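Some notes on the structure that comes next.
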Amino acid sequence: MRNIEELAADEAEILQEENWERWRGIFLLLGWGLGFWGWYLFAHEHLGSGALAIFLSLIFLALRWNASKAVRVTKESFWLGIAAGGALFTLYFLTALPNFYWGQDPAFWLAIQAGGVTEPVWSPLSYLLGQAVCFLFPAQAFSILPQLSAAVMAIVVFFVVQEFLSQFKSNSRLNSILVFVACVALGLTRPFWNAGTMGIGLVSALGLLLFLLQRHLLQLGKDYTAISYFLLGLLWATHPLWGLMGILSIGLDQNKNTGLKQNWVPLLWGLSPYLWIILRTEKIFPSWGGKRPFVEILKECLGLAKSHFLTDWSWIGAAQALGWEVGFLLVLAALLGLFNMAKGVGISKKGVSSADFWMWLFCGVGAVFFYSDSTDYLGVTSLWFVAATVGFFIISFDRRASGTGLGSKRNVGLLSIAGIFLACGLGWFPGQSYFRSEYFFPQQHALNLVRALGPQTALVCGDPFEFNACLDARWMEPSKESAFIFNKSYLDKRWYVAQWIDHEPDFFFSTITGPTDLILKSVILNNRDVWQIQWSRSELPMDWHEPKADPAVLTQLFQSGSGAVDPAQFQYRYDLSMVPVNRVDLDARSSRYLARYITGFKRMGEELMGQQRYSEAIHAYDRAARLDPLDQEVLTTLSKIYSQHNILEAAQLDYEAIVKSHPKQIDQMMKSLDEAQKQGDETKATDDLGQLVKLNNELAEAQYQLSKIYNQQGRAEEAKKLLEASVQVNPKQVEAQMALGYSMQKAGDWAKAEEAFRSVIAVDTQNKEAQVQLWKLLNKPKR
């Protein structure tokens with residue numbers, strides 16, 4: 001007969017279950033209500049608030065279907081997970097990219113910030129989460145996505161800790177230490193670090209989090225199949241590779257109590273984020289796929305796959321993206337497994353099942369074959385491939401063979417921890433650095449291209465980074481929304497041209513068949529009388545003869561008629577403060593874009609020399625020399641210019657005229673700007689401000705160049721005054737600051753020389769020349 005305490009406990013349990021059922025009903029109502037309300041807001045252009053409501057509805061529906069049961073946490077494992085996740089979050093936060101990076105990363109930012117449908121593969125669930133977070137923190141909208149990736153990745157590491165600890169048959173301090181060290185090593189691997197520090201890493205991190213939840217819920221039995229199908233839909237909405245992983249998990253599940261027929265409603269709710277694509281089609285111009293993006297992806301999937309493997313994939317790149325740590329962890333896991341097998345100890349059925357092995361293999365293949373050279377980023381399933389490798393190591397450690405001496409359980413455990421520590425250290429091997437240099441440059445490059453655009457202007461981009469980055473930069477620059485941006489590779493696509501015809505019927509396409517170079521030529525010939533067309537190349541292809549173009553540094557300028565813009569003026573529109581001057585530590589992609597600036601200024605100099613516009617030519621060559629001080633061709637050309645008396649005299653007259661006239665113009669422009677601000681005329685104020693910046697840059701440049709000429713003529717005092725005036729007008733002009741430092745050093749004014757060199761380092765922290773000169777000054781023997 002049962003006692004009173006047992007009956008009371010049963011009553012309490014029944015009451016608790018009834019209360020939970022009431023809460024589940026409330027969660028269902030909240031989920032449905034917020035879902036419909038969120039999509040209504042989203043459809044009416046309230047993207048941030050709509051996305052927040054939609055994401056909250058998904059969370060409430062997950063709770064309705066018992067998602068909370070997936071959280072298996074003890075007091076010890078909770079703090080261990082917090083410690084590991086917190087340590088890695090700190091690393092990711094400190095080394096995260098502050099904006100978009102290479103390849104398709106700008107497309108990810110564009111999809112979130114502007115709600116643009118970009119080139120596949122789509123990830124609407126990640127877009128919704130990103131838009132919700134940007135809505136909550138509007139002041140950080142253009143920098144928060146890498147931080148969001150870091151936060152989600154920290155949560156993932158927390159759950160990985162719980163996953164690994166559940167593999168042990170018994171708890172011990174050694175087991176906890178091993179799991180902590182293993183998870184930190186896991187977080188330091190290149191795939192995890194990339195996912196935690198890039199905006200696009202949210203797709204990988206969010207997918208792994210959902211996969212871990214689904215994996216545990218499937219192990220619990222039939223009461224959790226509804227939430228498992230709901231998570232399957234969300235996995236598909238995160239990335240097709242994660243969707244296939246979800247199907248594999250359900251297909252290989254041993255319980256298999258219920259199927260799709262009983263759980264189609266949760267599955268459809270999980271797939272509901274794909275409404276994002278339907279509602280955002282052609283909302284941002286141009287939109288990938290036109291009016292039928294789903295149809296276009298089916299029609300072009302083979303072509304996209306072929307293009308990927310031919311132009312954006314390599315075995316070597318994929319191996320480098322995996323990194324030294326992953327290779328070492330694979331070897332370590334294999335050695336421990338072989339050691340156990342040699343001792344007659346195998347992996348039990350509760351450890352690594354055949355289903356786990358095939359999913360591990362699928363993740364590895366997907367990671368390698370979806371590697372992108374343009375982003376240096378593996379397929380999204382690379383995270384589970386690395387995590388499962390470490391998981392196999394954990395299981396092998398727990399079931400390690402007993403023995404004596406070196407093979408004893410304790411010694412095997414200590415050797416395992418030492419091996420994991422070694423794997424952590426491999427992260428600082430050559431090519432594995434956790435600090436990227438010049439990470440502002442890609443975004444600045446896109447802003448430079450967009451800021452050179454005006455009304456009736458079309459920019460033709462030749463690679464996916466520039467196209468998506470310029471669209472995103474245009475969104476950041478509202479005054480440039482009227483400028484049109486082409487993707488050259490889409491000129492032969494009917495869905496793409498149809499958008500142009502609908503949006504801008506005056507822009508004429510005479511043909512859309514044949515090679516894209518020929519289509520581009522016809523577009524230029526048909527439209528250059530009315531439009532200014534810029535092609536994002538520093539020089540035309542070797543086989544390009546007509547139509548002719550004017551070099552404009554980063555672009556080739558096509559325009560006919562008397563209203564053509566002077567290409568020399570483009571030099572002053574480019575902000576070079578974020579353009580790196582030290583090429584030693586640059587990655588290959590940064591070097592390729594930096595070379596565009598150097599080549600562009602050289603071609604501009606050649607063009608201006610042919611027009612006998614010597615002062616402007618000197619300015620162009622001097623900019624090329626600043627960006628690449630080792631370019632002998634530029635240095636030789638500048639030496640020839642400075643050795644020719646007639647050229648130098650003509651340039652001197654130009655510079656002296658600027659030094660005399662520009663202060664008055666700047667004063668007048670300041671008055672005009674004040675008047676526009678008082679009247680609230682934002683358009684005129686923006687134009688005046690741009691003109692003011694241009695005049696200041698021209699004045700500072702003229703003062704700097706004139707000081708060099710005066711210095712050659714022996715007019716040292718006048719040269720020094722011009723240098724001081726130049727750095728006062730434009731403190732960011734590194735070359736003038738360096739020249740002033742040398743001048744003050746030569747004159748014996750150590751304090752002002754030190755101030756000048758410190759100013760250089762404040763603008764360019766990696767300037768080795770200024771660092772060396774400052775070190776010499778600070779260590780100069782006192783007399």
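How long are the three semi-axes of the equivalent ellipsoid of region 115-265, in whole Å, if each is the root of 5 times an eigenvalue of the C-alpha gyration tensor, listed from largest down? Walk me through the intermediate numbers first.
On the way: eigenvalues 147, 119, 28 Å².
Sorted largest first and rounded, they come to 27, 24, 12 Å.
What nm value, rounded to one decimal, do you get for the distance between residue 44 and residue 135 when each label is placed 7 Å out toward the C-beta?
1.3 nm
Taking R0 as 22 Å, what's the FRET efficiency between residue 566 and residue 768 from their Cβ-Cβ distance, rounded to 0.05? It would help to have the intermediate numbers written out before the result.
Numbers: r = 36 Å, r/R0 = 1.63.
Working from the Cβ atoms, E equals 0.05.
With a Förster radius of 30 Å, plug the Cβ-Cβ distance of residue 630 and residue 307 into 1/(1 + (r/R0)^6) and report the FRET value to the nearest 0.05. Don't jump to the answer; show the numbers that get you there.
Working: r = 36 Å, r/R0 = 1.19.
E(calc), rounded to 0.05, equals 0.25.
Quick one: angle between helix 124-136 and the longest Cα principal axis of the chain, in degrees between 0 and 90, rounded to 10, please.
With both axes taken from Cα atoms, the answer is about 70 degrees.
How much accessible area per residue does the chain have, in Å², with a 1.4 Å probe?
Details: 36250 Å² over 783 residues.
It amounts to 46 Å² per residue over the chain.
Which distance in Å, rounded to a whole number, links the C-alpha centroids of region 154-232 and region 734-755?
Cα centres, region 154-232 to region 734-755: 56 Å.
Which residue, 101, 122, 174, has the largest displacement toward the positive end of the dipole of region 64-198 when charges sit on each Cβ (Lys, Arg +1; Asp, Glu -1)?
Of the listed residues, the answer is 174.
If you roll a 1.4 angstrom probe over the protein chains with everything in place, what fraction of the accessible area of region 53-120 belongs to carbon and sulfur, to the nearest %?
Ligands and nucleic acids excluded, carbon and sulfur give 70 percent.
Please work out the Kirkwood hydrodynamic radius for region 592-696, using every pair of different C-alpha atoms, and report it in angstroms with one decimal place. Kindly include the intermediate steps, with their values, before the conclusion.
Details: mean 1/r = 0.0633 Å⁻¹.
Result for region 592-696, one decimal place: 15.8 Å.
Estimate the FRET efficiency between residue 356 and residue 575 by the formula 1/(1 + (r/R0)^6), using the beta-carbon distance for r and 60 Å for R0, to the nearest 0.05.
Working: r = 52 Å, r/R0 = 0.87.
The formula returns an efficiency of 0.70 here.
Highest first, please rank the peptides 241-247, 287-293 by the mean number of other Cβ atoms sitting within 10 Å of their residues. The partial results should precede the final answer.
On the way: 241-247: 22.4, 287-293: 19.6.
Packing proxy ranking, top to bottom: 241-247, 287-293.
For region 22-118, compute Rh as the Kirkwood radius over C-alpha pairs and then the Stokes-Einstein diffusion coefficient at 20 °C and 1.002 mPa s; write the answer in µm²/s, rounded to an integer. Provide the component values of the computation, followed by the final result.
Values: Rh = 16.6 Å.
Rounded to a whole number, D works out at 129 µm²/s.
Quote the charge dipole size of region 58-183 about the Cα centre in Debye, to the nearest 20; the model charges only the Cβ of Lys and Arg (+1) and of Asp and Glu (-1). Working shown, then result.
On the way: 6 positive and 4 negative charges, 119 e Å.
It works out to roughly 580 debye.
Is the chain rounded, prolate or oblate when judged by the Cα gyration tensor, a ≥ b ≥ c being the square roots of its eigenvalues, rounded requiring a/c under 1.5 and prolate requiring a/b larger than b/c? Don't skip to the answer; put the middle values down first.
On the way: a/c = 2.29, a/b = 1.67, b/c = 1.37.
Judged from the Cα gyration tensor, the chain comes out prolate (a/c at least 1.5, a/b above b/c).
Let me check against my output: what whole-number percent is the relative contact order of region 12-149, with C-alpha pairs under 8 Å and at least 6 apart? Before the final figure, lay out the partial values.
Values: 118 pairs, mean separation 35.2, N = 138.
RCO, region 12-149: 26 percent.
Out of the DSSP beta bridges found with both residues in the chain, what percent are antiparallel (nearest 5)?
On the way: 7 of 15 bridges.
Looking only at bridges with both residues in the chain, the antiparallel portion is about 45 percent.
Contour minus end-to-end for residue 779 and residue 540, with contour as 0.36 nm per residue of separation and end-to-end as the Cα-Cα distance? Write out the running numbers ahead of the final one.
Details: separation 239, 0.36 × 239 = 86.04 nm, distance 5.02 nm.
Value of the extension gain: 81.0 nm.
Sticking with the crude label model, points 7 Å out along Cα→Cβ, report the distance from residue 28 to residue 170 in nm, one decimal please.
With each label placed 7 Å out from Cα toward Cβ, I get 4.7 nm.
Return a whole-number percent for the relative contact order of region 154-298, with Cα pairs under 8 Å and 6 or more residues apart as the contact set.
Values: 132 pairs, mean separation 25.0, N = 145.
Answer for region 154-298 is 17 percent.
Once the other residues with Cβ under 15 Å from the Cβ of residue 28 are scored (Lys, Arg +1; Asp, Glu -1), what is the net sum?
Details: positive: 22, 24, 64; negative: 21.
Net charge in that neighbourhood comes out at +2.
Pulled fully out, how much extra length does the chain show between residue 418 and residue 334, if you take 0.36 nm times their separation in residues and subtract their Cα-Cα distance?
Working: separation 84, 0.36 × 84 = 30.24 nm, distance 1.59 nm.
Gain on stretching residue 418 to residue 334: 28.6 nm.
For residue 377, enumerate residues with amide H under 5 Å from its amide H, sequence gap 5+ or separate chain, H modeled in the peptide plane.
Amide H neighbours of residue 377, under 5 Å, 5+ apart: 372.
Mind putting a number on the dipole of the chain about its Cα centre? Charges go on the C-beta only, +1 for Lys and Arg and -1 for Asp and Glu, and I need it in Debye to the nearest 20.
On the way: 68 positive and 72 negative charges, 470 e Å.
Using Cβ point charges on Lys, Arg, Asp and Glu, the chain gives about 2260 debye.
Just to be sure I understand the model, the point goes 7 Å from the Cα along the line to the Cβ. What's the resulting residue 518 to residue 691 distance in nm?
Each label point lies 7 Å from its Cα, and together they span 4.6 nm.
Can you tell which of 417, 56, 756 lies farthest toward the positive end of the dipole of the chain, using +1 and -1 charges on the Cβ of basic and acidic side chains (Lys, Arg; Asp, Glu)?
So the residue furthest toward the plus end is 417.
Based on Cβ point charges of +1 for Lys and Arg and -1 for Asp and Glu, what charge dipole magnitude is obtained for region 643-728 about its Cα centre, in debye rounded to the nearest 20?
On the way: 10 positive and 15 negative charges, 52 e Å.
It comes to approximately 240 debye.
Measure off, as a whole percent, the carbon and sulfur share of the 1.4 Å-probe accessible area of region 591-642, all protein chains present. Show your work: numbers first, answer last.
On the way: 1030 of 2050 Å².
So the carbon and sulfur contribution to the accessible surface is 50 percent.
If the chain between residue 661 and residue 503 were fully stretched, how many nm would it gain, using 0.36 nm times the residue separation less the Cα-Cα distance? Can you show the working numbers first?
Values: separation 158, 0.36 × 158 = 56.88 nm, distance 4.40 nm.
Going from the current span to full extension adds 52.5 nm.
Between 371, 297, 308, whose Cα lies farthest towards the positive end of the dipole of the chain when Lys and Arg beta carbons carry +1 and Asp and Glu beta carbons carry -1, centred on the Cα centre?
Ranked along the dipole, the leading option is 371.
How large, in percent, is the carbon and sulfur part of the accessible surface of region 185-282 at a probe radius of 1.4 Å?
On the way: 1980 of 3160 Å².
Of the solvent-accessible surface of region 185-282, carbon and sulfur hold 63 percent.
Ignoring everything except DSSP H segments at least 4 long, calculate the 222 nm mean residue ellipticity for the chain; use -39,500 (n - 2.57) per segment, divide by total residues, nearest 500.
Taken over the chain, the calculation gives -22000 deg cm²/dmol.
I'd like to compare 72-81, 483-492: which one has the highest average count of other Cβ atoms within 10 Å, and what's the full order after that? Could you put the intermediate results ahead of the total?
Values: 72-81: 15.3, 483-492: 20.5.
Per-residue mean Cβ counts within 10 Å order the peptides as 483-492, 72-81.
The values are calculated or read from the model by the stated rules, or taken from the named source; none is laboratory data. All figures in this text were calculated on a predicted structure; none of them were measured in a lab. So basically every Cβ, Gly included, is an ideal-geometry build from the backbone, and we count neighbours across all protein chains shown. These accessible areas exclude ligands, DNA and RNA; they are computed on the full protein's heavy atoms, side chains included. Shrake-Rupley method; radii C 1.70, N 1.55, O 1.52, S 1.80 Å.
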